[in-house]
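Beneath this line is the structure, given in structure tokens, with notes to follow.
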Amino acid sequence: DARRYYQVHQRRCGVRISHIHASAAGKLKPDDVLLSIDGQTVGHDGKVPMDTCHTRVSLWVLFAEKLTKESCTIRILRKNKEQDLTVRLKPYRPIIPEDPYCPGTQDYFIVAGLVFQPVS
């Protein structure tokens with residue numbers, strides 16, 4: 001199973017990193033396992049606890065709440081060794097605007113002034 005392959009033992013939680021954003025280029029590698037962000041443990045479902053409302057939200061919320069050029073500390077698992085890395089955040093401009101609090105809610109996207117949406 002994937003937990004054994006990536007050496008994520010029974011008491012650890014985390015998500016596999018498959019794509020690297022420019023903010024973390026040179027620090028993260030594909031197949032690293034993200035264990036925590038600024039001390040917030042990342043669950044197997046990619047969610048973190050939100051202190052203010054006692055619920056779990058997407059890990060992207062932690063990045064969305066920070067400003068460009070702020071730093072965050074992430075803990076990863078690479079080749080069965082935990083490492084703490086400091087990453088300075090850069091702007092993220094997706095082609096399709098996203099709401100980090102409600103991922104997957106967009107039923108349209110805009111490219112070069114054209115609006116694309118599903119036809120029913």
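The values are calculated or read from the model by the stated rules, or taken from the named source; none is laboratory data. In this text the structure is predicted, and so the values were computed from the model without any measurement. Glycine also receives a Cβ, built like all others from the backbone with ideal geometry; neighbour counts cover every protein chain displayed.
Can you tell me which residues in the range 56-78 are modelled with pLDDT of 85 or more and not β-branched (Val, Ile, Thr)? Working first, answer last.
From the range 56-78, those modelled with pLDDT of 85 or more are 70-78; that's our starting set.
Listed by number, the residues that qualify are Glu70, Ser71, Cys72, Arg75, Leu77, Arg78.
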Worksheet item: For the range 51-77, what are the residues that are closer than 18 Å to Thr41 by Cβ, outside any helix (DSSP H, G or I) and aliphatic (A, V, I, L, M)?
Response: Val57, Leu59, Ile74, Ile76, Leu77
Practice prompt. Check the range 80-96 and report whether any residue there is surrounded by fewer than 10 Cβ atoms within 10 Å (Cβ to Cβ), at pLDDT below 70 and either assigned to a strand (DSSP E or B) or of a type in the set (Asp, Glu) (or both).
Written response: no
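Starting from residues that are polar (S, T, N, Q) and farther than 12 Å from Gly14 by Cβ, keep the ones in the range 41-67 and report whichever is surrounded by the most Cβ atoms within 10 Å (Cβ to Cβ). Lay out the reasoning, then the answer.
Of the range 41-67, the ones polar (S, T, N, Q) are 41, 52, 55, 58.
Keeping just the survivors that are farther than 12 Å from Gly14 by Cβ gives 52, 55, 58.
On the way: Thr52: 5, Thr55: 9, Ser58: 17.
The qualifying residue surrounded by the most Cβ atoms within 10 Å (Cβ to Cβ) is Ser58.
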Worksheet item: Can we say Leu28 is at pLDDT 70 or above and in contact with a Cys (Cβ under 8 Å, 6 or more places away or on another chain)?
Response: no
Fill in: Counted residues, the range 59-78 - those being touching a residue at least 24 places away in the same chain (Cβ under 8 Å) and more than 18 Å from Ala25 (Cα to Cα)
4
